[in-house]
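Before any comments, here is the structure.
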Amino acid sequence: MSKIKPSKGAPYARILGVGGYRPTRVVPNEVILETIDSSDEWIRSRSGIETRHWASDEETVAAMSIEASGKAIADAGISAEQIGGVIVSTVSHFKQTPAVATEIADKLGTNKAAAFDISAGCAGFGYGLTLAKGMIVEGSAEYVLVIGVERLSDLTDLEDRATAFLFGDGAGAVVVGPSQEPEIGPTIWGSEGDKSETIKQTVPWTDYRDGEVAKFPAITQEGQAVFRWAVFEMAKVAQQALDAAGITADDLDVFIPHQANERIIDSMVKTLKLPEHVTVARDVRTTGNTSAASIPLAMERLLATGEAKSGDTALVIGFGAGLVYAATVVTLP
Ligand SMILES: CC(C)(COP(=O)(O)OP(=O)(O)OC[C@H]1O[C@@H](n2cnc3c(N)ncnc32)[C@H](O)[C@@H]1OP(=O)(O)O)[C@@H](O)C(=O)NCCC(=O)NCCS
């Protein structure tokens, strides 16, 4: 028999607060047209994107995260010292080590919270949320900060017609804490590494360092292949998350899919047969694709504008580079 005492956590977990940070600079499609042969009309009709935000030198991954987290902590009504874990999901923090989460945990004023970064592309928020829930229920932290943050403008090839218009910068954060009721459903998540070539960094950093390529690495993708996968496979994953939570589309108040392309969002709404009363996040129009930051940013905006309200039941689903995905049903903070 084991001599180890079992750890004691909360019965369940929930999202207690959300915060977002969008860089000051708003970039309209006209700026994108300076480097690619396209049109405002094409970009809007094929992706839904009208503007995106690009970060300045001062709006670093850490700085944007701290802004978003400060708002999430205030929204949750707790103090930073109560946070026992900081999880940062990003693919665009350019210092390999230490994890940027440690700097954020310190600057926010946590009491030596466990802090680490994860790389799960556009599913990063769902991956972080699932880890946070596990930590709280297992008892290794009472409150966990989950941050999705990207400076994708640093990884965008502005001469690449297939991607130049897609990406944006920003940070979104949530505080996850204990709950007496299940307010975060089971996560349906996974990876399909056989499709890892469909969204990827053009070349490893070392190729650039060694002068094998002249251009700084960027994100490249096979747009149509990713589009088809997202439309056909992700609607199934979203339905599985509803089933796992024991609810139907009729029980939903809000749908917050990864903000990659408005046509993907429309197609998922149709396949899932979401009723009219379900509010659908369309933050992609003015934020572009901010990868790990997209779901918490969209969540924050829906609550700020009053389109969604505290206590609403929301289906969230992230998907992207890997290919990876994560979907779950949550109660909004
Ligand atoms: C990128 C994306 C918007 C492109 O839209 P699309 O409809 O698939 O576009 P295609 O690549 O099939 O190109 C269609 C046509 O538009 C043209 N085109 C491509 N890029 C263009 C641009 N920026 N401006 C104008 N025309 C363009 C193509 O040359 C092609 O022309 P043709 O029909 O004469 O050959 C779309 O594929 C997409 O959103 N994919 C998924 C992206 C995504 O979600 N990624 C992240 C997941 S995390």
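Spatial offset of the stretch 298-317 relative to the stretch 89-153 amounts to 22 Å, using the alpha carbon center of each.
Take the solvent-accessible surface of the protein heavy atoms, probe 1.4 Å, and return the percent of it on the stretch 12-179 that carbon and sulfur atoms account for.
In the stretch 12-179, the share of accessible area belonging to carbon and sulfur is 50 percent.
In the chain, if the dipole is taken from +1 on Lys/Arg beta carbons and -1 on Asp/Glu beta carbons about the Cα centre, which of 68, 124, 245 is farthest to the positive end? It is 245.
Of 14, 46, 52, 228, the order by accessible heavy-atom surface (1.4 Å probe, DNA, RNA and ligands excluded), from most exposed downward, is 228, 46, 14, 52. Accessible area per residue for the stretch 18-63, computed on protein heavy atoms with a 1.4 Å probe, is 48 Å².
Heavy-atom accessible area for residue 236, with the other protein chains in place and a 1.4 Å probe, reaches approximately 110 Å². For the stretch 278-292, putting each phi into the Karplus relation 6.51 cos²θ - 1.76 cosθ + 1.60 with θ = phi - 60° gives couplings of 7, 6, 10, 5, 10, 5, 4, 4, 10, 10, x, 8, 10, 6, 4 Hz, in residue order, rounded to whole numbers and with x for Gly and Pro.
Report, as a whole number in µm² per second, the diffusion coefficient that Stokes-Einstein gives for the chain at 37 °C and 0.692 mPa s using the Kirkwood radius over alpha carbon pairs. Approximately 165 µm²/s, per Stokes-Einstein.
Between 21, 12, 143, the residue with the greatest mean-square fluctuation in the GNM of the chain (Cα pairs under 10 Å linked by springs) is 12. In the chain, the longest principal axis of the Cα atoms and the axis of helix 61-76 are about 40 degrees apart.
Dipole check for the chain: with +1 at the C-beta of Lys and Arg, -1 at the C-beta of Asp and Glu, and the Cα centre as origin, the magnitude is about 800 Debye.
What whole-number value in Å² describes the accessible area per residue of the stretch 188-331 for a 1.4 Å probe? Spell out each step's value before the answer.
Values: 6180 Å² over 144 residues.
It amounts to 43 Å² per residue over the stretch 188-331.
For the Cα atoms of the chain, what angle does the longest principal axis make with the long axis of helix 223-245, in degrees from 0 to 90, nearest 10? The angle comes out at about 10 degrees.
When DSSP beta bridges are limited to those with both residues in the chain, what percentage is antiparallel, rounded to the nearest 5?
So the antiparallel bridges amount to about 65 percent of the total.
Separation of the alpha carbons by more than 27 angstrom is noted, of 195/236; 3/107; 133/273, for 3/107; 133/273.
In this Cβ point-charge picture (+1 for Lys and Arg, -1 for Asp and Glu), the stretch 12-179 has a dipole of about 640 debye about its Cα centre. These residues, 258, 53, go from largest to smallest accessible area, 1.4 Å probe, as 53, 258.
The sum of -39500 (n - 2.57) across all DSSP H runs of n ≥ 4, divided by the residue count of the chain, sets its helix-only mean residue ellipticity at 222 nm to -9500 deg cm²/dmol.
Among the protein heavy atoms, those of residue 94 account for about 100 Å² of accessible surface (1.4 Å probe, every chain in place). In the chain, the longest principal axis of the Cα atoms and the axis of helix 262-271 are about 50 degrees apart.
Below 8 Å, C-alpha to C-alpha, sequence gap of six or more: please give me the relative contact order for the chain in percent.
26
Simple point charges give the picture: +1 on the Cβ of Lys and Arg, -1 on the Cβ of Asp and Glu, and for the stretch 188-331 a dipole about the Cα centre of about 240 debye.
Just checking the listed ones, 294, 47, 69: in the Gaussian network model of the chain with Cα springs under 10 Å, the one fluctuating most is 47. Largest GNM mean-square fluctuation among 50, 30, 300, using the chain with Cα springs under 10 Å: 30.
Rounded to a whole number, what % of the accessible area of the stretch 205-302 do carbon and sulfur atoms account for, probe 1.4 Å?
Percent of accessible area from carbon and sulfur atoms in the stretch 205-302: 50.
Selection among 23, 134, 35 by position relative to the dipole of the stretch 12-179 gives 134 as farthest towards the positive end (Cβ unit charges, Cα centre). When 44, 263, 161, 209 are compared by accessible area at a 1.4 angstrom probe, the order from most to least is 209, 161, 44, 263. In the assembled protein chains, residue 142 presents an accessible area of approximately 100 Å² (probe radius 1.4 Å).
Between residue 309 and residue 207, the simple label model (points 7 Å from Cα in the Cβ direction) yields a spacing of 5.3 nm.
In the neighborhood of residue 195, defined by Cβ-to-Cβ distances under 11 Å, what is the net charge if each Lys or Arg adds +1 and each Asp or Glu adds -1? Around residue 195, the charge tally is -3.
The values are calculated or read from the model by the stated rules, or taken from the named source; none is laboratory data. Fair warning: this is a prediction, and the values are worked out from it, not measured in the lab. Using ideal geometry, Cβ is built from the backbone for each residue, glycine included, and neighbour counts are taken over all protein chains shown. Areas reflect the complete protein model, heavy atoms only, side chains present, ligands, DNA and RNA absent. Shrake-Rupley method; radii C 1.70, N 1.55, O 1.52, S 1.80 Å.
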